[in-house]
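To start, the structure itself, in structure tokens.
The values are calculated or read from the model by the stated rules, or taken from the named source; none is laboratory data. Remember, it's a predicted structure, so these values are computed and weren't measured experimentally. Methodologically, a virtual Cβ is constructed for each residue, glycine included, from the backbone with ideal geometry; neighbour enumeration extends over all protein chains shown. To get the accessible areas, we keep the full protein, side chains included, count just its heavy atoms, and leave off ligands, DNA and RNA. Shrake-Rupley method; radii C 1.70, N 1.55, O 1.52, S 1.80 Å.
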Amino acid sequence: MAAAISTQRLVKHYGDVKAVDGVDLSVERGELYGFLGPNGAGKTTTISILSTMLKPTSGAASVAGFDVLTRPYDVRRRIGIVFQDPSLDEELTGRENMVFHARLYKVPRAQRDRRIDDLLAMVDLVDRQHSRVKEYSGGMRRRLELARGLLHDPEVLFLDEPTLGLDPQTRNHIWDYIRRLNQERGVTMMLTTHYMEEADALCHRIGIIDKGRIVAEGTPSDLKSQLGGDVVHVKVQAANGAVADALKALPFVRTVTAMNAGVQLEVQHGESAIPKVMDAVREAGGVVESISLKKPTLNDVFVKHTGREIREEDMDAQGRMRFFMRHRRR
Amino acid sequence: MTIVVDTVTVWNRDMLRFFRRPSRIVTSLVTPLVWMGMFGYGMKYGFARPDGTSPLQFGNYASYLDFTAPGIIAMGMLFTSIFSGMSIIFDRQFGFLKEILVAPVRRISFVFGKSLGGMSTALIQGVTLLVIATLAFDLRFTTGLGFVAGFLLCIGVMAMIGVSIVNLGVAIAAKTESHEVFFLISQFLVMPMFFLSGALYPTKTLPGWFQIVIAFNPMRYGVDALRWAIKGTSELSIFVDVGALLLFTLGTSVMAARFFERS
Ligand SMILES: Nc1ncnc2c1ncn2[C@@H]1O[C@H](COP(=O)(O)OP(=O)(O)OP(=O)(O)O)[C@@H](O)[C@H]1O
Ligand SMILES: [Mg+2]
């Protein structure tokens with residue numbers, strides 16, 4: 001079966017800026033693929049090319065089985081997109097925005113109203129469907145855009161920073177919708193984000209992009225396990241050499257470091273290791289006082305591959321700024 | 001076929017937006033009515049001779065307002081229509097244009113939908129002004145066509161003015177980033193188009209170079225055709241007027257479609 005999204009050495013230059021610099025992607029049908037990278041990494045540019053809005057400098061790409069350059073209209077009919085920046089008509093009501101979209105995509109009349117009802121219910125906007133979008137909050141707008149992107153039953157859905165600038169509660173809501181859509185309808189999704197935890201929580205597979213290049217790719221747990229496993233810290237009363245020796249003997253423990261009043265272990269699959277670690281300590285005559293688990297984060301992965309951090313605080317400031325720009329009124 | 005459907009979709013959106021803001025209808029009427037009231041009446045009485053007759057009363061024009069009202073109506077439509085074209089700049093700024101550009105529709109249906117929408121608003125404005133000018137001001141239908149035929153011809157001419165000027169606006173908007181620049185360019189175009197259209201004074205006796213400039217102004221034919229449809233007299237043949245308007249409408253349509261396609 002052909003991939004839902006595939007690119008070959010995709011390149012887009014803006015003058016001297018190499019926005020996309022040789023990207024090879026292959027996303028399977030039904031997959032939820034995450035594109036993670038800092039500001040200016042080339043995420044939006046890639047999505048613009050895949051959605052036929054932008055011509056690449058070189059390279060090839062196909063979406064839903066059609067070449068984006070030679071068959072743009074076939075691609076367009078099969079994709080949905082939630083843009084990074086707003087794209088609603090603020091003068092129209094939520095429902096009118098939906099109807100307009102249904103007409104553009106030739107959703108059959110017989111299905112139109114029911115589909116709109118269903119989707120508005122899904123994003124909890126039934127009560128506000130007849131208010132003008134002008135009067136919507138940022139989260140409501142985002143949810144409406146999400147519902148609109150699904151109205152024509154796309155095979156592939158692009159989500160460009162779907163939760164940028166939203167509060168944690170709304171963000172969680174949107175995560176739920178995204179998961180459900182992917183599971184229940186089997187929609188292939190490509191999502192961009194610079195929130196680590198978002199990519200981690202949602203995506204089957206992640207591509208980390210930096211300066212137009214994919215620097216690492218894999219499932220979130222694969223990426224993190226490249227870093228040598230989880231860190232378990234065990235605080236032991238009456239610690240002695242026997243405890244450390246017993247732990248060293250466990251097959252899944254990679255390293256044991258003695259600390260004052262305890263040991264730090266680097267293990268594979270920390271969750272399943274913890275009970276076994278506790279048993280081993282007890283058998284060696286120690287008493288476990290407390291135990292903690294620290295998982296490596298995607299940020300550690302990003303650091304490993306680029307030597308830099310995706311600094312969350314800076315991102316959030318920028319995200320807020322963009323959010324503000326996005327919602328400035330006429 | 002799908003182009004027609006998409007054009008109607010875009011037109012429908014413009015209509016929804018228009019009727020949502022009744023203030024827009026009112027503002028589109030205010031300026032022309034102020035012109036008719038203040039300028040028309042001012043000229044009528046300001047130049048009156050002691051015996052009550054006026055030098056601006058000539059031919060079959062009962063008063064200066066009777067002469068100038070068709071021109072003022074055309075002016076009102078000119079201003080409204082050029083700014084209907086500008087709305088695509090706002091669609092771009094507010095991001096809504098992306099929704100249309102990524103959809104499986106031809107760009108040309110967007111341009112057609114916009115000109116249809118702009119034409120509709122211009123017609124609503126033009127017809128309302130025509131009715132008010134007839135009922136409340138001195139405008140008299142004296143055309144040999146009779147009132148109904150004259151009125152219908154007015155609507156046809158207004159539709160051509162609407163479509164062509166909206167398209168002119170769309171063409172400029174496709175090439176300009178900001179509405180400030182659009183404003184500048186449109187002022188530069190619209191003012192001469194109004195003053196050199198024969199809306200305010202007859203042009204037959206003007207010097208030769210003036211005549212040449214005026215001949216290139218499409219509004220000149222629109223005003224002349226409106227006057228013929230209402231008063232039954234005009235400076236040019238109605239066939240020349242309508243022919244020139246059709247040509248201008250066609251030209252601006254192609255220009256708008258081309259420019260937008262490439263932007
Ligand atoms: N229209 C444009 N003209 C010139 N340069 C551009 C244009 N669009 C994007 N770029 C540049 O291309 C690079 C990639 O931009 P892109 O928008 O794809 O980044 P991104 O990964 O989406 O970032 P963000 O997280 O900020 O949305 C940036 O350096 C940007 O300045
Ligand atoms: Mg982006």
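Here are the numbers:
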{"quantity": "Inter-residue pairs, beta-carbon under 6 Å, first within 18 Å of A:Gln183 (Cβ to Cβ) and acidic (Asp, Glu) and in the range A:152-163, second more than 16 Å from ligand 1 (Cβ to nearest atom) and assigned to a loop (DSSP other than H, G, I, E, B), 6+ apart", "calculated": "A:Glu155/A:Ala64"}
{"quantity": "Any hit, the range A:25-35, residues being within 12 Å of ligand 1 (Cβ to nearest atom) and touching a residue at least 12 places away in the same chain (Cβ under 8 Å)", "calculated": "yes"}
{"quantity": "One residue from A:Gly59, A:Gly30 being surrounded by fewer than 23 Cβ atoms within 10 Å (Cβ to Cβ), more than 16 Å from ligand 2 (Cβ to nearest atom) and assigned to a strand (DSSP E or B)", "calculated": "A:Gly59"}
{"quantity": "Identity of the residue in the range B:254-263, open to solvent by less than 30 Å² (accessible area, probe 1.4 Å) and at pLDDT 90 or above, that ends up nearest to B:Thr205 (Cα to Cα)", "calculated": "B:Ala256"}
{"quantity": "Some residue of the range A:108-123 being touching a Ser or Thr at 6+ places or on another chain (Cβ under 6 Å) and open to solvent by less than 30 Å² (accessible area, probe 1.4 Å)", "calculated": "no"}
{"quantity": "Options A:Phe83, A:Phe35: the member that is within 16 Å of ligand 2 (Cβ to nearest atom) and more than 17 Å from A:Leu144 (Cα to Cα)", "calculated": "A:Phe35"}
{"quantity": "Of all residues making up the range B:45-93, the number that are at pLDDT 90 or above and either over 25 Å from B:Gln187 (Cα atoms) or part of a loop (DSSP other than H, G, I, E, B) (or both)", "calculated": "0"}
{"quantity": "Pairs, first at the interface with chain A (Cβ under 7 Å from one of its Cβ atoms) in the range B:90-114, second open to solvent by 50 Å² or more (accessible area, probe 1.4 Å) and of a type outside the set (Ser, Thr, Tyr), C-beta under 7 Å, six or more apart", "calculated": "B:Gly95/A:Asp85; B:Leu101/A:Met53; B:Val102/A:Met53; B:Pro104/A:Arg77"}
{"quantity": "Selection within the range B:1-23 - open to solvent by 50 Å² or more (accessible area, probe 1.4 Å), of a type in the set (Phe, Trp, Tyr) and touching a residue at least 12 places away in the same chain (Cβ under 8 Å)", "calculated": "B:Trp11"}
{"quantity": "The range A:159-208, residues that are within 16 Å of ligand 2 (Cβ to nearest atom) and farther than 23 Å from A:Ser221 by Cβ", "calculated": "A:Asp160, A:Glu161, A:Leu164, A:Gly165, A:Leu166"}
{"quantity": "1 or more residues within 16 Å of ligand 1 (Cβ to nearest atom): qualifying helices (runs of 4 or more DSSP H) within the range A:120-209", "calculated": "A:138-150, A:196-202"}
{"quantity": "Complete set of residues in the range B:193-213 that are part of a helix (DSSP H, G or I) and within 16 Å of B:Ile161 (Cβ to Cβ)", "calculated": "B:Met193, B:Phe194"}
{"quantity": "Residue within the range B:3-18 that is closer than 26 Å to B:Phe194 by Cβ and either more than 14 Å from every other protein chain (Cβ to nearest Cβ) or in contact with a His (Cβ under 9 Å, 6 or more places away or on another chain) (or both) present", "calculated": "no"}
{"quantity": "Set A:Thr7, A:Thr57, A:Thr44: member being within 16 Å of ligand 1 (Cβ to nearest atom) and within 14 Å of another protein chain (Cβ to nearest Cβ)", "calculated": "A:Thr44"}
{"quantity": "Inter-residue pairs, beta-carbon under 6 Å, first more than 8 Å from every other protein chain (Cβ to nearest Cβ) and open to solvent by 10 Å² or more (accessible area, probe 1.4 Å) and in the range A:82-102, second of a type in the set (Ser, Thr, Tyr) and not in a loop (DSSP other than H, G, I, E, B), 6+ apart", "calculated": "A:Gln84/A:Thr44"}
{"quantity": "Flag for A:Asp74 being of a type in the set (Asp, Glu), within 16 Å of ligand 2 (Cβ to nearest atom) and either surrounded by fewer than 23 Cβ atoms within 10 Å (Cβ to Cβ) or part of a loop (DSSP other than H, G, I, E, B) (or both)", "calculated": "no"}
{"quantity": "Subset tally (residues that are free of Cβ contacts under 8 Å to residues at least 40 places away in the same chain and touching a helix residue (DSSP H, G or I) at 6+ places or on another chain (Cβ under 6 Å)) for the range B:206-237", "calculated": "8"}
{"quantity": "Complete set of residues in the range A:276-302 that are in a helix (DSSP H, G or I) and open to solvent by less than 50 Å² (accessible area, probe 1.4 Å)", "calculated": "A:Val277, A:Ala280, A:Val281, A:Leu298, A:Asn299, A:Val301, A:Phe302"}
{"quantity": "Number of positions in the range B:24-34 that are open to solvent by less than 70 Å² (accessible area, probe 1.4 Å) and either within 14 Å of another protein chain (Cβ to nearest Cβ) or in contact with a Ser or Thr (Cβ under 9 Å, 6 or more places away or on another chain) (or both)", "calculated": "3"}
{"quantity": "Pick from the range A:38-56, criterion more than 10 Å from ligand 2 (Cβ to nearest atom) and of a type outside the set (D, E, K, R), ranking: farthest from B:Ser263 (Cα to Cα)", "calculated": "A:Pro38"}
